[in-house]
Amino acid sequence: PRTQPSQPRMADATPTATPPANRPAPPRSQPGAPATPRAGAAADTLPPALYVHALQALYPQADAQQTPPELGAGWLVVTETLPPTNPHAAAARKLLDNMLRALHLHLHPRVFLLALERPAPHAGSAVADAAPVPATPVPATLLAPEARAPSLVASADIPATLAAAVSEVQPAMVLLLGLLPARVALGRADPLGALRAGAHQIGSAPAVVSYAPDFLLRSQTSKAAAWADLCHALALVRATTA
């Protein structure tokens, strides 16, 4: 069962109605079960190519000495990002920040973002011609500010990129925010509801699926469920640090 932590609600992300911990939640499978890729099925539902942005530390200025131990060794957030030209891009990024701050993750210097971006329609041929990135460990330079420019990677290689990022960061939790990141990361073609209800693991890290910030901007009624997902993720991390 989900556990409601004693944390503030995420600003502009959760209604003031009954706390999500008191709402019925979809059943989850046994925790710790590794993700089981369904080859072919997921590939049929994914775009032919995606941008993957370099790994970014979200709160590098946070004092590690002041980080609550219950937050674990670090978090990896994987989500689809809107292109800067999209009028909702800034609001979606602000909402993501509010969601993470509601969990007090702004106090943790080891919270990383791996952002996926759909290429513009006219960029399709350029992305298709881009050479796939080998499935090698993420170099330390990937975390440096100068390495944050987007690079083109075929969607089939993003799971390897994510696995390498998990190996590099060694997070206590992976948040998969949105249907596209969840399907790419888990190799599944299930709807978001089924993915949210399941227990997943990527490498050595547990993973929780929830809604993308840009979707929550359009669907106010989903915000309570998203908060419940975040509380569930925090409860899993707390259980490992207790």
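For (1) free of Cβ contacts under 8 Å to residues at least 12 places away in the same chain; (2) charged (D, E, K, R); (3) closer than 20 Å to ALA207 by Cα, each residue gets a yes or a no:
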{"site": "LEU58", "(1), (2), (3)": "no, no, yes"}
{"site": "THR67", "(1), (2), (3)": "no, no, no"}
{"site": "THR81", "(1), (2), (3)": "no, no, yes"}
{"site": "ALA90", "(1), (2), (3)": "yes, no, no"}
{"site": "ARG93", "(1), (2), (3)": "no, yes, no"}
{"site": "ARG110", "(1), (2), (3)": "no, yes, yes"}
{"site": "GLU117", "(1), (2), (3)": "no, yes, no"}
Run GLU146 past the list (1) at pLDDT below 90; (2) in contact with a strand residue (DSSP E or B) (Cβ under 8 Å, 6 or more places away or on another chain) and report the number of the one that doesn't hold.
-> (2)
Based on what the data block shows, is PRO87 at pLDDT 95 or above, open to solvent by 60 Å² or more (accessible area, probe 1.4 Å) and part of a loop (DSSP other than H, G, I, E, B)?
-> no
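Yes/no matrix, rows are residues, columns are (1) modelled with pLDDT of 75 or more; (2) hydrophobic (A, V, I, L, M, F, W, C); (3) under 30 Å from GLN65 (Cβ atoms):
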residue	(1), (2), (3)
GLY124	no, no, no
VAL133	no, yes, no
PRO139	no, no, yes
LEU142	no, yes, yes
ALA185	yes, yes, no
Please work out which residue is modelled with the lowest pLDDT, limiting yourself to region 38-50 and to residues that are open to solvent by 50 Å² or more (accessible area, probe 1.4 Å) and of a type outside the set (Val, Ile, Thr).
-> ALA39
Of residues in region 62-83 being under 14 Å from HIS104 (Cβ atoms), of a type outside the set (S, T, N, Q) and in a loop (DSSP other than H, G, I, E, B), the one least open to solvent (accessible area, probe 1.4 Å) | GLY74
Taking strands (runs of 3 or more DSSP E) that do not extend beyond region 159-242, which have at least 2 residues that are open to solvent by less than 10 Å² (accessible area, probe 1.4 Å) and under 20 Å from LEU55 (Cα atoms)?
-> 173-177, 205-210
Could you give me the residue pairs with C-beta distances under 8 Å whose first residue belongs to region 196-213 and is on the phi > 0 side of the Ramachandran plot, whose second residue is surrounded by fewer than 21 Cβ atoms within 10 Å (Cβ to Cβ) wherever it lies, and which are 6+ apart or on separate chains?
-> GLY203/ALA163; GLY203/SER167
Tell me which residues, restricted to region 94-121, are in a helix (DSSP H, G or I), over 13 Å from ALA57 (Cβ atoms) and under 13 Å from the mean Cα position of the chain (by Cα).
-> LEU96, ASP97, MET99
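The values are calculated or read from the model by the stated rules, or taken from the named source; none is laboratory data. Small disclaimer: the values here were computed from a predicted structure and weren't measured. We place every Cβ from the backbone using ideal geometry, glycine too, and count neighbours over all the protein chains shown. These area figures cover heavy atoms from the full protein model, side chains too; ligands, DNA and RNA do not enter into them. Shrake-Rupley method; radii C 1.70, N 1.55, O 1.52, S 1.80 Å.
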